[in-house]
């Protein structure tokens with residue numbers, strides 16, 4: 001089992017964390033594990049709310065939105081660590097300057113720019129970020145077949161300060177999809193959080209008809225790697241097209257209209273979606289296979 005970065009275990013109590021609403025990039029919400037999601041979302045706070053100092057290890061969390069592809073980018077940082085190490089999950093090229101400006105304003109040290117898979121609907125911002133911030137490493141699954149500085153496999157841990165993300169393989173939308181899950185332990189965020197990419201969407205899932213997709217594989221991935229997490233685990237997808245921002249394992253196990261069905265019915269649903277050919281796929285996939293820097297690759301005759 002690989003472990004990236006520095007990690008130290010200290011028994012603590014997790015304090016509230018911060019969510020940035022996609023429709024209002026400057027606003028944020030304080031989220032307490034002891035309150036329901038509905039209550040927390042009604043409790044809007046001021047911009048850049050400071051975290052409680054009652055815990056020695058705290059997660060700063062922001063959810064950012066790119067409207068053209070309806071993509072969520074997630075910023076996580078260990079706010080209590082002296083360096084405030086941070087990572088970005090699924091950054092979009094068009095919003096790199098916005099994301100890096102937020103990192104600077106919050107006094108964070110960005111160490112990883114990560115992708116859940118090779119995206120077909122937008123170009124990743126990881127390559128641009130590496131060109132703008134010294135020392136940042138790009139991260140993607142080895143199974144994706146794309147270029148990166150760090151290739152992760154199931155069971156790997158990606159550390160940032162005293163916190164870490166666990167890597168779970170969730171192929172089916174693409175062959176290289178992974179889900180990043182916050183750590184399980186007294187010094188890690190509670191409830192746990194899972195960043196599911198396109199494998200599991202809020203009341204839906206990613207399509208399975210290109211990039212090595214498989215409805216059977218996706219069904220098994222979700223049921224074995226995501227639905228086995230505690231029911232209160234917060235799920236954050238790579239996209240949402242209806243304005244939802246977060247769900248839970250328990251909700252999706254009851255209300256997901258596709259993945260609550262048996263496997264045969266699920267396969268039938270996926271085979272009959274009749275979706276249009278992705279308009280960005282012929283540009284996005286080649287670019288994302290080289291970390292979003294397709295045009296900088298040397299051309300051969």
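Inspect the stretch 94-111 for any residue being closer than 25 Å to residue 280 by Cβ and assigned to a loop (DSSP other than H, G, I, E, B) and give the result as yes or no. Within the stretch 94-111, not a single residue is closer than 25 Å to residue 280 by Cβ and assigned to a loop (DSSP other than H, G, I, E, B).
Restricting attention to the stretch 203-226, the residues that are closer than 24 Å to residue 158 by Cβ and touching a strand residue (DSSP E or B) at 6+ places or on another chain (Cβ under 8 Å) total 4. Among the criteria (1) closer than 22 Å to residue 237 by Cβ; (2) in a helix (DSSP H, G or I); (3) over 16 Å from the mean Cα position of the chain (by Cα), the one residue 68 does not fulfil is (2). For the stretch 113-135, the tally of residues that are closer than 22 Å to residue 174 by Cα and either in contact (Cβ under 8 Å) with a residue 40 or more places away in the chain or in a loop (DSSP other than H, G, I, E, B) (or both) stands at 14. When we screen 138, 144, 159 for residues that are in contact with a helix residue (DSSP H, G or I) (Cβ under 7 Å, 6 or more places away or on another chain) and either farther than 28 Å from residue 258 by Cα or buried (at least 24 other Cβ atoms within 10 Å of the Cβ) (or both), the only hit is 138.
Per this entry, residue 86 is counted among residues that are touching a helix residue (DSSP H, G or I) at 6+ places or on another chain (Cβ under 7 Å), under 18 Å from residue 181 (Cα atoms), buried (at least 22 other Cβ atoms within 10 Å of the Cβ) and touching a residue at least 12 places away in the same chain (Cβ under 8 Å).
Considering only the stretch 227-243, I want to know if a residue exists there that is without any contact (Cβ under 8 Å) to a residue 24 or more places away in the chain and either surrounded by fewer than 21 Cβ atoms within 10 Å (Cβ to Cβ) or in contact with a strand residue (DSSP E or B) (Cβ under 7 Å, 6 or more places away or on another chain) (or both). Step through it out loud before you land on a result.
Narrowing the stretch 227-243 to residues without any contact (Cβ under 8 Å) to a residue 24 or more places away in the chain: 228, 231.
With either surrounded by fewer than 21 Cβ atoms within 10 Å (Cβ to Cβ) or in contact with a strand residue (DSSP E or B) (Cβ under 7 Å, 6 or more places away or on another chain) (or both) added as a condition, the list becomes 228, 231.
Checked against the condition, which is being without any contact (Cβ under 8 Å) to a residue 24 or more places away in the chain and either surrounded by fewer than 21 Cβ atoms within 10 Å (Cβ to Cβ) or in contact with a strand residue (DSSP E or B) (Cβ under 7 Å, 6 or more places away or on another chain) (or both), the stretch 227-243 yields at least one hit.
May I ask you to list the residues in the stretch 277-292 that are outside any helix (DSSP H, G or I) and farther than 16 Å from residue 145 by Cβ? Within the stretch 277-292, 277, 278, 279, 280 qualify.
Can we say residue 233 is farther than 23 Å from residue 281 by Cβ and touching a helix residue (DSSP H, G or I) at 6+ places or on another chain (Cβ under 7 Å)? Against the criterion (farther than 23 Å from residue 281 by Cβ and touching a helix residue (DSSP H, G or I) at 6+ places or on another chain (Cβ under 7 Å)), residue 233 qualifies.
In the stretch 209-222, the residues that are closer than 16 Å to residue 277 by Cβ form Cβ pairs under 6 Å with partners that are modelled with pLDDT of 95 or more and in a loop (DSSP other than H, G, I, E, B), at six or more places apart or across chains, as follows: 211/174; 213/173.
The values are calculated or read from the model by the stated rules, or taken from the named source; none is laboratory data. Quantities reported herein were computed from a predicted structural model and do not represent experimental measurements. Every residue, glycine as well, gets a Cβ built from its backbone with ideal geometry; the counts of neighbours run over all protein chains shown.
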